[in-house]
Amino acid sequence: MNMDNYPFSKREKEALNLLMQGKSNKQIAITLGISEHTVEFHLKNIYAKLQVSSRVEAILKLGKSTGTPMAGKPGESAVDRDGEKGDNQDDLKKSGQEAGVFFKKYKFLITIGILLTLLLVLVRSKPTSWEKYERECEYPDEVTVGKMISRSNASGSKVHGQFGTIADSPWPAKFGYVIYKNINIPQVDSLYLQLRYSKNSPDSVPILVYIDDETAPRASIYPKDLQNWDQFIWTEPIYLGKINRGVHSIKISTEGQQYGVADLDKLILTSKIP
């Protein structure tokens, strides 16, 4: 049984002859002056007429019927071995050469780009050295107790006064808080707070410090009784813990006490102990 026993067209026979020689689709297309898509179309028809599903089966079947030796060993596609594989190797070799020329030409710029990328990654992952954030306390963004009043020795001559009391005799205790928003802080491992205040009441009620909407306070402060609302001191640096990069808020809260817990003058946030 030979090729003439099958109803192949002239073009199919031409393609099949080249196939039996181990030519790739690309080589067949070049030899016949047609597109690879057209080669695939012809091969599909050839497989159907031979009742096979691949070029290997086609070569094996026609090789047995015609006595034509195969270009490769059984189970190995001669086309893959001698044609397409060779083309791929040539393409890979050419691509490698082009890549080598490109790298050699732009070696300096590529190296600088890699170093800058690594530096950016290190800078973003490493906690930032950050000096401080300062703010007058008399202008909170949200408040439920206290009000702005004048104090001659205060920073800016004003404070958020009567914090923790109702502003009317006999000045009973009142729970409440103030919130300072829009504080842009980088990622730091240790955040500290310093608070400037005055106080003329027993030092038995703490001030609680919260970050953002956290339900647990980061710190509690017991202001000292200075026995004078116009005398001011700074707290020692109060450790608030680690904080992630972003825009944050500080909430200062109190249960309240008669005459007030403190007059709040100024706050400082920092990553370094002064």
Would you list Val39, Val121 from fewest to most Cβ contacts within 10 Å? Val121, Val39
First measure r as the distance between the Cβ atoms of Trp171 and Leu115, then evaluate 1/(1 + (r/R0)^6) with R0 = 45 Å and state the FRET efficiency to the nearest 0.05. 0.10
Among Pro237, Ile250, Ile185, pick out the residue whose Cα is farthest towards the positive end of the charge dipole of the range 132-270, where Lys and Arg carry +1 and Asp and Glu carry -1 on C-beta, about the Cα centre. Ile185
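Throughout, read-outs are computed from the coordinates displayed, never taken from laboratory work. This one's a predicted model, so the numbers in the text were calculated from it and none came from an experiment. With ideal geometry, Cβ positions are generated from the backbone for all residues, glycine too; neighbour counts draw on all protein chains shown.
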